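The values are calculated or read from the model by the stated rules, or taken from the named source; none is laboratory data. Keep in mind it's a predicted model, so treat the numbers as computed, not measured. With ideal geometry, Cβ positions are generated from the backbone for all residues, glycine too; neighbour counts draw on all protein chains shown.
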Amino acid sequence: MAIARPVRALGLAAIMMWCFFLWTIFRPGAGIKGPGDSLANLERDPNLDPTGEPEGHLVHTSDAYLPDANPSARINATLLALVRNEELEGMLQSMRDLERTWNHKFNYPWTFFNDVPFTEEFKRKTQAVTKAKCNYELIPKEHWEVPSWINDDLYKESVKILEEHDIQYADKISYHQMCRWNSGLFYKHPALQNTQYYWRVEPKVHFFCDVDYDVFRYMHDNNKTYGFTINLYDAPYSVPSLWPETIKFLAQHSEYLHDNNARDWVTDKLRRPSHNDQASGYSTCHFWSNFEIGDMTFWRSQAYEDYFNHLDRAGGFFYERWGDAPVHSIALGLFEDSSRIHWFRDIGYQHIPFFNCPNSPKCHGCTTGRFTDGEAWLNMEDCRPNWFKYVGMG
């Protein structure tokens with residue numbers, strides 16, 4: 001018996017709808033949360049579009065932010081810098097920029113860390129740049145010294161291998177110590193015991209844009225854990241065993257993996273397959289931690305404490321050149337809700353040669369330079385397209 005034409009049409013439509021449904025689930029890039037279904041659709045740097053203040057609850061300046069305000073509107077947060085005495089001029093430059101564009105309105109304290117005592121000149125000149133309180137702290141020896149389980153002969157041999165791959169600072173033991181301290185020890189300093197939020201500031205950086213809201217209150221009131229401006233690829237030969245060690249850790253602690261994680265960003269192999277291959281499954285995408293605004297509650301969590309201790313015992317901070325940027329980024333990408341990681345697109349920032357340059361009348365002296373077309377945007381060292389692809393702009 002022949003099937004009526006309307007029934008055949010309905011059946012064909014049902015088959016086509018079912019095929020479309022399957023395609024939407026299993027197509028390449030399914031599950032991508034960012035703007036567009038592929039990197040090819042990111043035709044230009046989003047900072048070329050007009051940039052305003054972020055959405056969400058914002059608190060602007062008032063008399064409650066004056067240096068001696070009592071009560072004060074400031075929350076328990078600090079501007080934080082690990083800096084040497086000989087980096088004084090570079091630190092003054094960074095302070096002047098950030099005080100001019102933001103902190104003179106809010107007067108958050110500065111906390112400086114060093115593995116040797118600060119000179120009186122350093123203290124005098126930095127305090128003269130700000131009306132806010134400055135704190136000068138010495139890093140405990142047990143936080144800075146090379147751990148007892150690191151084999152010196154193996155370290156020296158490892159340095160040779162790193163140098164063969166042109167890994168910068170491979171032979172500088174102080175650089176390895178710094179990376180370890182920034183990764184898992186800075187937030188344990190007694191001076192920060194009662195501090196929750198920090199804004200990391202490096203010497204010789206620039207801030208270009210006037211920011212008129214309290215960024216720490218923004219983080220707190222909008223439930224954000226971590227803020228970044230720049231997102232880059234790392235040198236894969238500096239971290240060849242970081243991801244394998246992470247996989248070992250996850251095998252023992254799968255309970256720490258967040259349901260809304262950014263693992264696809266951490267492990268992407270489409271845009272830079274050679275990086276993924278050389279880094280043993282890690283994309284090498286990382287937040288440029290020379291700028292980071294963070295909630296130390298995350299670093300103090302059991303998940304991160306266990307993860308750092310696992311990495312520390314593995315020795316990669318010395319036998320390789322694991323930086324705090326990839327360590328922080330992998331941990332955030334796996335253990336935190338990705339919606340709590342925020343791109344501060346409105347904060348103009350430069351750490352030569354990298355920069356974040358918003359299109360805003362509040363920005364002065366910041367030029368977009370090479371971010372002028374899709375090809376330049378997609379072929380540079382910037383990994384933000386991958387973050388936008390898998391997570392969104394936050």
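General remarks:
- If only residues of segment 335-351 that are among the hydrophobic types (A, V, I, L, M, F, W, C) and within 12 Å of the chain's Cα centre (by Cα) are counted, the one that is farthest from ARG100 (Cα to Cα) is ILE341.
- Just one of (1) closer than 25 Å to ARG340 by Cβ; (2) hydroxyl-bearing (Ser, Thr, Tyr); (3) surrounded by fewer than 18 Cβ atoms within 10 Å (Cβ to Cβ) fails for THR284. It is (3).
- Selected residue (criterion: farthest from PHE317 (Cα to Cα)) from residues of segment 153-190 that are in contact with a strand residue (DSSP E or B) (Cβ under 9 Å, 6 or more places away or on another chain) and surrounded by 15 or more Cβ atoms within 10 Å (Cβ to Cβ): HIS189
- Considering residues of segment 213-266 that are under 18 Å from the mean Cα position of the chain (by Cα) and among the basic types (Lys, Arg) only, the residue nearest to GLY294 (Cα to Cα): LYS224
- Scanning segment 378-394 for residues that are under 18 Å from HIS275 (Cβ atoms) and either of a type in the set (Lys, Arg) or at pLDDT below 85 (or both) yields LEU378, ASN379, MET380, GLU381, ARG384, LYS389.
- So GLY294, is it touching a residue at least 60 places away in the same chain (Cβ under 8 Å) and either surrounded by fewer than 24 Cβ atoms within 10 Å (Cβ to Cβ) or farther than 27 Å from ASN194 by Cβ (or both): no
- Contact map, segment 251-264: first residue among the aromatic types (Phe, Trp, Tyr), second residue at pLDDT 95 or above, Cβ cut-off under 7 Å, separation 6 or more or different chains; pairs are TYR256/ALA303; TYR256/PHE335.
Every residue, every condition in (1) modelled with pLDDT of 85 or more; (2) surrounded by fewer than 20 Cβ atoms within 10 Å (Cβ to Cβ); (3) assigned to a loop (DSSP other than H, G, I, E, B); (4) in contact with a Leu (Cβ under 9 Å, 6 or more places away or on another chain), yes or no:
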| residue | (1), (2), (3), (4) |
| --- | --- |
| PHE317 | yes, no, no, yes |
| TRP322 | yes, no, yes, yes |
| PRO326 | yes, no, no, yes |
| PHE355 | yes, no, no, no |
| GLY369 | no, yes, yes, no |
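- Within segment 267-304, tally of residues that are in contact with an Asp or Glu (Cβ under 6 Å, 6 or more places away or on another chain) and either charged (D, E, K, R) or part of a loop (DSSP other than H, G, I, E, B) (or both): 4
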